[in-house]
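Inspection log for the structure reproduced underneath, given as structure tokens.
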Amino acid sequence: MAEATDRRSGSPPQAVRKRELGRGERVLPGIFRLRLPLPWPGVPHCNAWAVAAAEGVVLFDTGMHQPGSLIQLERALAMCNLQLEDVRLVVCTHAHSDHYGQAASIVERAGCELWMHPNHEHMTRMAEDPEAVLARRIEVARQSGVPEEPLRRYQSERRPRESGIAGVIEPDRDLVSGVTIDTDLGAWTVHETPGHAPSHVCLFQPERRLLISGDHLLGRISLYFDYGYSPDPVGEFIHSLDVVEGLNARVCLPGHGRTFTDVCAHIEGNRKLVHERLESVLGAVRGRSLTAFEVLPHVYGDALSPANAHWLLSKILCYLTHLRALGRARRIPGDPERWTA
Ligand SMILES: [Zn+2]
Ligand SMILES: [Zn+2]
């Protein structure tokens with residue numbers, strides 16, 4: 001989610017810090033925010049949203065799987081007079097570990113279904129074969145001009161790694177446009193919003209104009225795109241902003257942080273930041289031919305560290321891919337590959 005971390009490239013997940021505990025609170029009648037701890041620096045928690053339904057709740061997102069994490073979810077539910085057995089359905093906004101990680105455990109305990117978008121292999125493939133995904137990531141990095149020495153260090157530090165996923169389970173139902181989710185607050189419609197992740201959807205309750213936005217829109221604007229699973233993640237993200245703008249939501253229930261109401265301003269803020277990033281990538285390759293790795297400091301200064309390297313490089317590659325789709329940048333094949341305006 002946030003610019004300060006990366007679920008797939010940071011240091012290995014650690015046990016939940018002692019201070020961080022799951023917490024639950026009612027934010028609106030029939031809607032509970034479950035704030036669950038994360039082991040990532042800069043992103044201490046994520047939200048799951050419990051919405052009253054059929055004498056129980058529909059649970060939107062799950063929190064990440066790590067030692068003791070299910071107890072934190074139960075703790076948060078208990079603060080809302082709920083328990084795992086009250087979950088009638090699990091709905092995931094996308095397949096990142098902080099939103100899908102505990103799905104298998106919850107589904108098993110509650111005996112309910114999981115609904116999620118079918119394009120979830122960006123995560124499920126990693127959970128099933130982390131070595132292959134790491135090898136591919138190293139190859140992409142090498143192709144992008146990352147020098148051998150830091151690559152070797154990254155490779156050795158990254159093994160072995162927890163996926164944050166309790167178990168890989170397939171959705172019982174594909175969460176695509178046209179599907180609705182019934183709750184006591186009315187039906188929620190599904191809106192496909194790829195970009196942040198290929199499996200991303202937002203859920204909208206039209207009468208109340210409530211939006212469950214996952215990581216597509218957050219209170220604090222931050223960008224991340226999964227690289228390598230779809231043709232143009234940045235282009236998809238920009239289109240998804242238009243999709244969500246068309247809903248005219250009044251209140252946003254995001255995947256991290258507090259609820260917010262100025263939804264349009266947040267959409268505009270995201271557009272502006274994407275535009276700025278694209279311009280700065282374009283500025284870097286204008287009149288030059290650079291590897292993606294060489295573009296990185298032009299955009300992010302000296303922010304590069306072993307913990308964020310993969311995540312920043314993914315974003316740069318996504319920006320370059322989008323500029324290429326627009327016909328504004330060109331890829332020069334080679335080893336490493338280079339880019340020019
Ligand atoms: Zn997230
Ligand atoms: Zn995410």
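Here are some notes:
- Whichever residue in the stretch 242-261 is within 17 Å of the chain's Cα centre (by Cα) and either farther than 26 Å from His45 by Cα or surrounded by 21 or more Cβ atoms within 10 Å (Cβ to Cβ) (or both) and, among such residues, is farthest from ligand 1 (Cβ to nearest atom): Val244
- Meets criteria (without any contact (Cβ under 8 Å) to a residue 60 or more places away in the chain, within 16 Å of ligand 2 (Cβ to nearest atom), open to solvent by less than 70 Å² (accessible area, probe 1.4 Å) and assigned to a helix (DSSP H, G or I)) for Ser280: no
- Listed by first and then second residue, the pairs linking a residue in the stretch 93-110 that is small (Gly, Ala, Ser) to a residue that is assigned to a helix (DSSP H, G or I) and more than 13 Å from ligand 1 (Cβ to nearest atom), with Cβ atoms under 7 Å apart and 6 or more places separating them unless they lie on different chains, are Ala95/His122; Ala95/Thr124; Ser105/Leu70; Ala110/Leu84; Ala110/Glu85.
- Looking across the stretch 189-210, the residues that are touching a Pro at 6+ places or on another chain (Cβ under 9 Å) and free of Cβ contacts under 8 Å to residues at least 60 places away in the same chain come down to Thr189, Gly195.
- Failed item in (1) within 16 Å of ligand 2 (Cβ to nearest atom); (2) more than 24 Å from Glu20 (Cβ to Cβ), with Tyr100 passing the rest: (2)
- Condition check for Asp86: within 16 Å of ligand 1 (Cβ to nearest atom) and at pLDDT 95 or above: no
- Residue satisfying all of: in the stretch 41-55; of a type outside the set (Asp, Glu) and open to solvent by 10 Å² or more (accessible area, probe 1.4 Å); farthest from Leu211 (Cα to Cα) among these: Pro41
- The set of residues in the stretch 262-274 that are open to solvent by 60 Å² or more (accessible area, probe 1.4 Å) and either among the basic types (Lys, Arg) or within 16 Å of ligand 1 (Cβ to nearest atom) (or both) contains only Lys272.
- Counting only residues that are more than 16 Å from ligand 2 (Cβ to nearest atom) and over 13 Å from Ala50 (Cα atoms), the stretch 71-97 holds 3 of them.
- Check on His94, open to solvent by 10 Å² or more (accessible area, probe 1.4 Å), within 16 Å of ligand 1 (Cβ to nearest atom) and under 13 Å from Gly255 (Cα atoms): no
The values are calculated or read from the model by the stated rules, or taken from the named source; none is laboratory data. Just so you know, these numbers come straight off a predicted model, no measurement behind them. Methodologically, a virtual Cβ is constructed for each residue, glycine included, from the backbone with ideal geometry; neighbour enumeration extends over all protein chains shown. Only protein heavy atoms, including side chains, enter the accessible area calculation; ligands, DNA and RNA are left aside. Shrake-Rupley method; radii C 1.70, N 1.55, O 1.52, S 1.80 Å.
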